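Here is the structure we will look at.
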């Protein structure tokens, strides 16, 4: 039983001498120090002068009975574990004793093995409590020593594979490790003590670190990660967290820096692969599509109706594949940084009318009404890529048509609002459940249910729309109610204007 923890003392309280002596022999043989008492008052006297951890207490004793002794022990020594001793005829009393706070009970007559088992179980609980208290004390001591024991902290920091930098509440660097110096291409002999700008060359990241250091981002889910490049061959990702005192006061920030160059290279290779494969597939598919169209045109429908249906289905599938390849090419261009062509002065009024005219046939094919409403006409001219604008509104209006059942309504409205040009595409279609709203702009994410499973698509349209809108300084959001429809709203700042 011996270790660095405190020894466990056991008190046996029973009016039967053979029970007291037998318990002492059994428990002493396995390392417990045993005290004995023949009545309750004697037991309380022993408790007042000795550090007792476990009590074996007979419930049936002359004078002060076991239940009364238990009550006094619970009041005066609540940490002591009491194991009640009871005869078979008084098991109900033992249960009542446990309800009053007894830890366990053992019935008479009991064998030595039974006694050892129940006392060891109680001792194990006491050991666990002692170990938990010792660990808590050690943790408090370690935290108190950590800021003063430079060598210990230095060893911890230098062993970390990622860059670590710590600032105080004023944004001055107080700690950094070798990995950080290496990642930022700094002098290996650089020491803490300077302002954050002397270590990090990216102004936006410096501003973020200062904000965290000064307590602006106390809520951890409010802190963005920050990606930056030292060159076209080295990319880093920074994560920051505030250092908070016990009363939630911000004492500074800890910044973790990870080298993501390998991930960037892999991502670029993936984009190049998608672009190459898409280019290779596009030409043969377009040829097959054109040839199918020619064959279908020359078929006499009445003679080979089945063949006509098969070929029409094949033509539809090749058109779908060509659409997918077009989306992949658009996406690869965006990921490569080739988002838009050179901007030129355009009118959104004209762009919207052209897109509506082009898609009107699709809407009429589903017996849908489609309308355009422009306020503040003519809208200010904007300097933008007209092809990108057509892609944005073509995708949004096409989606509205696809996800609205026959006989539905699609309405497009454009106006000026708070120094922005605002375009809203509204439908009364299937709508989008709330759980999907924050995911529909993710690549390849599609909502599949009984109503939408027959609608073809790649899940790339909305991600492309968002990238294009963002690249032009705009903003997009969606409001939707299942079974009632959706509204996609795009805002472009009036600062895009190039003149009247």
- Task: Return the total of residues in segment 74-88 being within 15 Å of residue 105 (Cβ to Cβ) and over 48 Å from the mean Cα position of the chain (by Cα).
- Result: 5
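Matching residues to (1) outside any helix (DSSP H, G or I); (2) on the phi > 0 side of the Ramachandran plot; (3) modelled with pLDDT of 90 or more:
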site: 3; (1), (2), (3): yes, no, no
site: 6; (1), (2), (3): yes, no, no
site: 23; (1), (2), (3): no, no, yes
site: 26; (1), (2), (3): no, no, yes
site: 31; (1), (2), (3): yes, yes, no
site: 34; (1), (2), (3): yes, no, yes
site: 46; (1), (2), (3): no, no, yes
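One line per residue, one yes/no per condition, for (1) assigned by TED's automatic domain parsing to the domain that holds residue 491; (2) modelled with pLDDT of 90 or more; (3) within 30 Å of residue 375 (Cβ to Cβ); (4) surrounded by 17 or more Cβ atoms within 10 Å (Cβ to Cβ):
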residue	(1), (2), (3), (4)
394	yes, no, yes, yes
412	yes, yes, yes, yes
426	yes, yes, yes, yes
454	yes, no, no, no
458	yes, no, no, yes
- Query: In this structure, is residue 41 under 57 Å from the mean Cα position of the chain (by Cα) and in a helix (DSSP H, G or I)?
  - Reply: no
- Query: When segment 371-404 is examined, which residues are found to be farther than 17 Å from residue 355 by Cα, part of a loop (DSSP other than H, G, I, E, B) and touching a residue at least 40 places away in the same chain (Cβ under 8 Å)?
  - Reply: 375, 376, 380, 403, 404
- Members of segment 200-255 found to be under 16 Å from residue 170 (Cβ atoms), touching a strand residue (DSSP E or B) at 6+ places or on another chain (Cβ under 9 Å) and assigned to a helix (DSSP H, G or I), listed by number: 206, 208, 209, 210, 211, 212, 213
- Message: Among the residues that make up segment 365-372, is at least one of them crowded, with 19+ Cβ neighbours inside 10 Å, at pLDDT below 90 and within 19 Å of residue 488 (Cβ to Cβ)?
- Response: no
- Message: assigned to a loop (DSSP other than H, G, I, E, B) and buried (at least 17 other Cβ atoms within 10 Å of the Cβ): which single residue out of 421, 432 fits that description?
- Response: 432
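The values are calculated or read from the model by the stated rules, or taken from the named source; none is laboratory data. Remember, predicted model here, so these are calculated numbers, not experimental data. Note: ideal-geometry Cβ built from the backbone for every residue, glycine included; neighbour counts use all protein chains shown.
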